[in-house]
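Remarks on the structure that follows.
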Amino acid sequence: MMNKERKFIELFATVEYLISLVEPSKREKFKEALENAESVEEVYELIKAIKLQLGIQGAKKYVLGLSNE
């Protein structure tokens, strides 16, 4: 049981870190989603959404970088 709780705490901390990488205008939505997650599966789905968001942010920076050249 303790191992399961520790893993969940680590997962939660990881998601909080990932949320800190999301652009500020979108962070609150992700924080809400984390607070409302009712299962580990939902947290994993949230991680997928955050990864997509971070990919979008990276693509925007890349495209904007290309337009400045």
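Select from the range 3-23 the residues that are more than 12 Å from the chain's Cα centre (by Cα) and either open to solvent by less than 60 Å² (accessible area, probe 1.4 Å) or without any contact (Cβ under 8 Å) to a residue 12 or more places away in the chain (or both) and list them in ascending order.
ASN3, LYS4, GLU5, ARG6, LYS7, ILE9, GLU10, listed by residue number.
Going residue by residue through the range 5-12, is there one that turns out to be modelled with pLDDT of 95 or more and among the charged types (D, E, K, R)?
Within the range 5-12, the subset modelled with pLDDT of 95 or more is none.
No, every residue in the range 5-12 fails to be modelled with pLDDT of 95 or more and among the charged types (D, E, K, R).
Could you count how many residues in the range 24-69 are modelled with pLDDT of 95 or more, of a type in the set (A, V, I, L, M) and open to solvent by 100 Å² or more (accessible area, probe 1.4 Å)?
Summing the residues that are modelled with pLDDT of 95 or more, of a type in the set (A, V, I, L, M) and open to solvent by 100 Å² or more (accessible area, probe 1.4 Å) in the range 24-69 gives 1.
The values are calculated or read from the model by the stated rules, or taken from the named source; none is laboratory data. Owing to the predicted nature of the structure, the values given are computational and were not obtained by experimental measurement. Methodologically, a virtual Cβ is constructed for each residue, glycine included, from the backbone with ideal geometry; neighbour enumeration extends over all protein chains shown. The protein model used for the area step is the full one, side chains on, heavy atoms only, and it has no ligands, DNA or RNA in it. Shrake-Rupley method; radii C 1.70, N 1.55, O 1.52, S 1.80 Å.
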